Structures are given as C-alpha cells and as structure tokens.
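Some notes on the structure that comes next.
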Amino acid sequence: MLKHWLTGLTLAAAMITGAAAQDLPKTQFKVIGLNSPTPVSIYDEVPFWRKTIPEASKGAVTADITPLDQMGIDDKTMLRLLKLGVMDFAAMDISKMAGDDPRFEACDLAGLTLDPDKARAACNAYRGVIDRQMQKNWNAKLLAFGGNTPQVFWCRDVISGLDGFKGKKIRVFNNTMRDFLGGVGGTAVSMAFAEVVPALNNGVVDCAVTGSLSGNTAGWGEVTKSIYPMSLGWSINVLAVNLDSWKRLDPKVQAFLTEQFKAYEEKMWATIKKTTAEADNCNTGQQPCTMGKLAKMTIVPVKPEEAATHKKLVEGAVLAGWAKRCGSACAKEWNETVGKALGLTAPTP
C-alpha cells in the first residue's frame, strides 16, 4: 500500500510540475556566458541554458547563449553591458568588475580561502552586499554564485618555488592578485583569458594564473611545463540579470527561474569539487581524468615555509591593499560578513 501511495505521490508531483511548466508563457532570453574553454562553461553553464531550462519548462522558456570569448567582448565590461540591457542575463568573473567597485572582489581576495566550502561560505556571507551594489548602481540582480578550480600558476619553465617569481612577468586578472605578487617581487600583467596561450608561447609572460583545470581544458599545457599549485582564489563567477528584463517577466516565469537557479548553483559547486579533485591527475597524465585532457606537467610542491609566507601575504598585503581601495566603511562591512565567516579581520584605513 505504501509503495502504491508513494508512486501516486511521485506521479502527482510530476503532473503538477508538468502542468506548471505548460502554463508558462513563451519566453526567450539573450545570455552572454563565461569563457567557453572553462569547465564551468562546458559542464554547467551551456547545458543549463541549452538543455535544462528548455526541458524543465516543456519548451516554454528558451535562451540564446553565447560565451563571451565568441563575442569578442572584454570581460571587464560585462556588468556595464548588462546595465545597458545588451543582454538579459550575464555570467562574469566577479573580481574582474572590481575596477568599478572594489566590493566585487571582496569574497575572493587572492588566497583568502583554500577549499571550495570556505570559498562558498565567504561568498554566501557577502551575497547581500553584492546584490545590493548591483541593484543600486548597475540595474542588475544577483542570481547565483559559482566558481572554478583553484587559481594556480602555469609557467613556461619548471619554476623553483615562490622565490622563483621574483622579476617574472605573470599574467593575472584582478587587483587582489597584483597585491599578492607585489609581495613576492613578481610583475603583474593584466591579460584576457583568450590572449594567454599565445602570450605564454611567445614569452610575453613567464607564467600565468588560472584554474588548475581551466588551464588544462584551454590548452595551456601545450605552452607550459610546470604548475605551482599555490592558490590565488577560485575565480568566483556570478549569474546576474538586467533588472528591467527581470521585472518584465511573468511572475510564474520568475518563480520557475528562481528555483532553477538554486539547483544550478548547487551543481556548479558540486562540479568545482569534482574538477578540483581530478585536476592533478589530468595535468600529470593519470586517471581518473574525465573532465580534462591528459597532459605531462610538472607540479612543483608548495613547501611548508612557502605556505606560511602565503598566509602572511594574504593577511597582510592582500587584505590591506583591498581595504585601502575599498575604504573604511567597506572594510568594516567586510569584517562583519566575510571576515566573521572566516575568522579574519581587514584593517579599516
């Protein structure tokens, strides 16, 4: 009897979900997504918009998604383009928006967290601040947080360790990474993701920072010999919507999408754990490697004394540099949110 009752409940739930989906008005969106070679784009973002949303809505809700590298867009302008309504939804590396507002790098300061759960906790603590700033100044609404594998150093030669970065030109993509490199004597070079492979190949930069698996799937292993796995963050990405586009939606579509975004965020963080676990295997030609390419990289271990230096740089140069850019009130708010979640305190200049 219980089995029949449970089966009936399952069928009823399916019928309700199907009916709700069929009731949704026809809606189509324009979406600009993340760089196409990255695991989060391959395994989460593109399938979400092209498959999950149309199927869950019974074809009522569809989206035209194009990764930003295929649009030739400077990723630092994504929030500005979203404000203008160039697209309905946009995904972006939130730290790259920090030139417009230092708060946008606050939950992913270079080296701030060393595991996915802490990275997520830091950003969850700061979610309200990011959404507030987006709505206040950018005509946008925050919908979901995701991320990538740890941001590590990919180098043309086999690097000796942390001291080997002195005098080296190193590609970074946000201000907080500049703060960190300044502490080890490296020269930070800003460069778009799509430009890095030729830059490494031609010696324009000696090393470059990106995800331990993002570099793999983007072919960085073909132009580098070593990885130094000292983490400089998680390249936290956000999904946001233009507020005018959101307000025009039928309430049923808003409710449908809100539930889908919750599931999408959960999937992105699950993917981060899997890709992080597989990255070393893929980069050193071992199995299991189901989400990347088999490569032959040398992984240079982080020595205990280097890990201690990393901690000092994060709690010193990185936090101080960010707090100075963001200001006293901003740093105080950080201490009450991210800092409280992680047990850290930023100076209040």
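Give me the percent of accessible area attributable to carbon and sulfur for segment 290-332, probe 1.4 angstrom. Result for segment 290-332: 64 percent of the exposed heavy-atom area is carbon or sulfur.
How much of the DSSP bridge set in the chain is antiparallel, in percent, rounded to the nearest 5? If I count the DSSP bridges inside the chain, around 55 percent turn out antiparallel. Computed from the C-beta positions of D64 and N124 and an R0 of 41 Å, the FRET efficiency is 0.85 to the nearest 0.05.
Ranking V86, S41, V129 by Cα position along the charge dipole of the chain, where only Lys, Arg, Asp and Glu carry charges on their C-beta atoms, puts V129 farthest toward the positive end. For S190, the residues whose modelled amide H falls within less than 5 Å of its own, excluding neighbours fewer than 5 places apart on the same chain, are V172. Of all lysines in the structure, the ones whose alpha carbon falls short of 27 Å from that of K169, not counting any fewer than 8 places away in one chain, are K76, K96, K225, K293, K296, K303, K311, K312, K324.
Computed per residue of the chain from DSSP H runs no shorter than four, each worth -39500 (n - 2.57), the mean residue ellipticity at 222 nm is -12500 deg cm²/dmol. A 1.4 Å probe run over the protein chains yields, for the chain, 43 Å² of accessible area per residue, whole-number rounding. For segment 116-130, the Karplus equation 6.51 cos²θ - 1.76 cosθ + 1.60, evaluated at θ = phi - 60°, returns couplings of x, 5, 6, 4, 5, 4, 4, 6, 5, 5, 9, 4, x, 5, 4 Hz by residue, with Gly and Pro reported as x. Positive contributions from Lys and Arg (+1) and negative ones from Asp and Glu (-1), summed over other residues with Cβ under 13 Å from the Cβ of D250, come out at +3. The distance between label points at Q135 and L114 comes to 3.7 nm (points 7 Å beyond Cα on the Cα→Cβ vector).
Identify the residues of segment 34-63 with backbone N under 18 Å of a label point that sits 7 angstrom from the Cα of K26 along the Cα-to-Cβ direction, or state none. Under cut-off, by backbone N: 54-63. Just V300, V241, V152 to compare: in a GNM of the chain, with alpha carbon springs under 10 Å, which one fluctuates most? The residue that fluctuates most here is V300. Using only side-chain charges placed at the Cβ, +1 for Lys and Arg and -1 for Asp and Glu, the dipole size of segment 92-181 relative to its Cα centre rounds to 180 debye.
The slack in the chain from D100 to S328, taken as 0.36 nm per residue of separation less the alpha-carbon distance, amounts to 80.3 nm. Our note on the geometry: Cα centres of segment 23-97 and segment 252-313, 21 Å apart. In a simple Cβ point-charge model (Lys, Arg +1; Asp, Glu -1; nothing else charged), segment 256-349 has a dipole of about 180 debye relative to its Cα centre.
When +1 charges are put on Lys and Arg Cβ atoms and -1 charges on Asp and Glu Cβ atoms, the dipole computed for segment 244-286 relative to its Cα centre reaches about 160 debye. Residue by residue, segment 233-242 carries 3J(HN,Hα) couplings of x, 10, 6, 4, 10, 10, 9, 9, 10, 5 Hz when phi is fed to the Karplus relation 6.51 cos²θ - 1.76 cosθ + 1.60 (θ = phi - 60°); x denotes Gly or Pro.
The values are calculated or read from the model by the stated rules, or taken from the named source; none is laboratory data. Since the structure is predicted, the reported quantities are computational estimates derived from the model, not experimental observations. Counting neighbours? That spans all protein chains shown, and the Cβs are built from the backbone with ideal geometry, glycine included. The accessibility values were calculated without ligands, DNA or RNA, using every heavy atom of the protein model including side chains. Shrake-Rupley method; radii C 1.70, N 1.55, O 1.52, S 1.80 Å.
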